[in-house]
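Engineer: Questions regarding the structure given below will be posed in turn.
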Amino acid sequence: MTGGAPGTRSDLADVSHRSFGDLFGEVSQDLSALMRQELALAKAELRQEAGRAGRAGGLLAGSGMAGHMALVFGSVAVWWGLSNVMDGGWAALIVAGLWLVVAVALYVTGRSHLARLRGLPRTAETVKEIPTALHPDGGRQR
């Protein structure tokens, strides 16, 4: 039997005359090539995803800028509208006061969300849970 499918008796006969060192070297070269190919694939996928994320970030930034402009012009329109029934200075002060209330509400909400974050302390707790056998001293007590 010659030229059979992989794993057949003819494949075994082809490698029977080779040393274990030769076979191990070939396996390690194949494994090294596989790792390089997987790394290249991961880099290509990461580049593609980074490009998509960049485009999405640009679109979100443009959306934020457009929203900002809408708020500015909307505020000016409210100011001018109020100027029809009262002095322009008072109308501007009312619009500014409304924005101050919005800013304070957003600040208080953001601060409360920040207070609930527990990033580093939780990481420090999980490090303590690593089994002692994995520590550099091999789990020996000093």
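Every number here is computed from the coordinates shown, using simple stated rules; none is lab data. Treat the numbers as computed from the prediction; the structure is a model and nothing was measured. FYI the Cβ positions are ideal-geometry reconstructions off the backbone, even for glycines, and counts take in every protein chain you see.
Engineer: If each of N84 and R118 carries a label point 7 Å out from its Cα toward its Cβ, how far apart are those two points in nm?
Structural biologist: Modelled inter-label distance: 5.5 nm.
Engineer: Using R₀ = 41 Å, calculate the FRET efficiency as 1/(1 + (r/R₀)^6) where r is the Cβ-Cβ separation of M35 and A77; round to 0.05. Intermediate values should be presented prior to the final figure.
Structural biologist: Working: r = 62 Å, r/R0 = 1.51.
Efficiency, rounded to the nearest 0.05: 0.10.
Engineer: Would you kindly derive the ³J(HN,Hα) couplings of the stretch 84-101 from the backbone phi angles with the Karplus curve 6.51 cos²θ - 1.76 cosθ + 1.60 (θ = phi - 60°), listing them in order in whole Hz, with x for Gly and Pro?
Structural biologist: Values per residue, Gly and Pro as x: 6, 10, 8, 5, x, x, 5, 4, 5, 5, 5, 5, 4, x, 4, 5, 5, 4 Hz.
Engineer: Putting +1 on Lys and Arg Cβ atoms and -1 on Asp and Glu Cβ atoms, find which of V102, A61, S19 reaches farthest to the positive end of the dipole of the stretch 15-130.
Structural biologist: My answer, from the dipole projection, is V102.
Engineer: Extension gain I94-A70, at 0.36 nm per residue separation less the Cα-Cα distance, in nm?
Structural biologist: Numbers: separation 24, 0.36 × 24 = 8.64 nm, distance 1.83 nm.
Contour length minus the Cα-Cα distance gives 6.8 nm.
Engineer: I've got another one for you. Please list, in order along the stretch 50-62, the HN-Hα scalar couplings obtained from phi with the Karplus expression 6.51 cos²θ - 1.76 cosθ + 1.60 (θ = phi - 60°), rounded to whole Hz, x for Gly and Pro.
Structural biologist: Those phi angles translate into 5, x, 5, 5, x, 5, 5, x, x, 5, 5, 5, x Hz.
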